Structures are given as C-alpha cells and as structure tokens.
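Right, one structure below, let's go through it.
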Amino acid sequence: MLFRSIIIYNYNFPWWPQVTADGSIDCADQPAEQENIVAQLVYCEAVTAITLLTRGGNFVFKMFTALEHQMICLLYLLSCAFSEVYFIKPGVC
C-alpha cells in the first residue's frame, strides 16, 4: 500500500492495536442529507484505520445511519476487513 509505505518512510510509524474515528461535518442546515454529506469522510476514516491497524486490531467509529448505498458498501468493506463487526445503538434518555 502506497499510503502505508509513505507513513513508514517518513515517520517510522508504529502500527496501532486500536484506532477510533469521530469526525463529522456540520449538517444542521441539511439534516436529511447528513449521511450523504459525511459519507466520504467516514469512508476515509475507515480506510485510514484499516491501513494503520495491526493484524487483529480494533476500529471504533461513529455513524448515525446506514441507509444509503455508500454506507452499506462501507459496512461490507468493514465486514471483509474484520473478523467481527458490531453495531451498537445507545439508548435514548
């Protein structure tokens, strides 16, 4: 992977056992389009995490919905990259 090679060459980067991602984009003016607006960001978070993780590592990230094609494809990618995938919906107070 070119990205991984660049990181090793430039930073002598260690591989991480766990990566978290919590990025977002302000969608207050278009709440119905939130999933489409953040899709590219979430995809890049996932690809970066897969690149940085050690074998058997964990990736924790936040997404609000998985109704659109981009998110469903991302979930498929994650299910191929990891032996276990969990979806947790916190309770609402």
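Sort 86, 43 by heavy-atom solvent-accessible area, probe 1.4 angstrom, most to least. Please report the intermediate quantities before stating the final value.
Values: 86 165, 43 115 Å².
Result of the area sort, largest leading: 86, 43.
log10 I(q)/I(0), Debye, Cα-only segment 22-93, no solvent, q = 0.15 Å⁻¹?
-0.54
Take 65, 20 and sort them by solvent-accessible surface of the protein heavy atoms, 1.4 Å probe, largest at the top. The partial results should precede the final answer.
Working: 65 60, 20 95 Å².
Ranked from most to least accessible, the order is 20, 65.
Once fully extended, how much extra length lies between residue 66 and residue 37, figured as 0.36 nm per residue of separation less the alpha-carbon to alpha-carbon distance? Mind dumping the intermediate values first?
Values: separation 29, 0.36 × 29 = 10.44 nm, distance 1.28 nm.
9.2 nm is the gain from fully extending residue 66 to residue 37.
What is the gain in length, in nm to one decimal, between residue 48 and residue 76 on full extension, counting 0.36 nm per residue of separation less the C-alpha to C-alpha distance?
Full extension from residue 48 to residue 76 adds 8.5 nm.
The values are calculated or read from the model by the stated rules, or taken from the named source; none is laboratory data. Here the structure is a predicted model, which means the values were calculated and not measured. The protein model used for the area step is the full one, side chains on, heavy atoms only, and it has no ligands, DNA or RNA in it. Shrake-Rupley method; radii C 1.70, N 1.55, O 1.52, S 1.80 Å.
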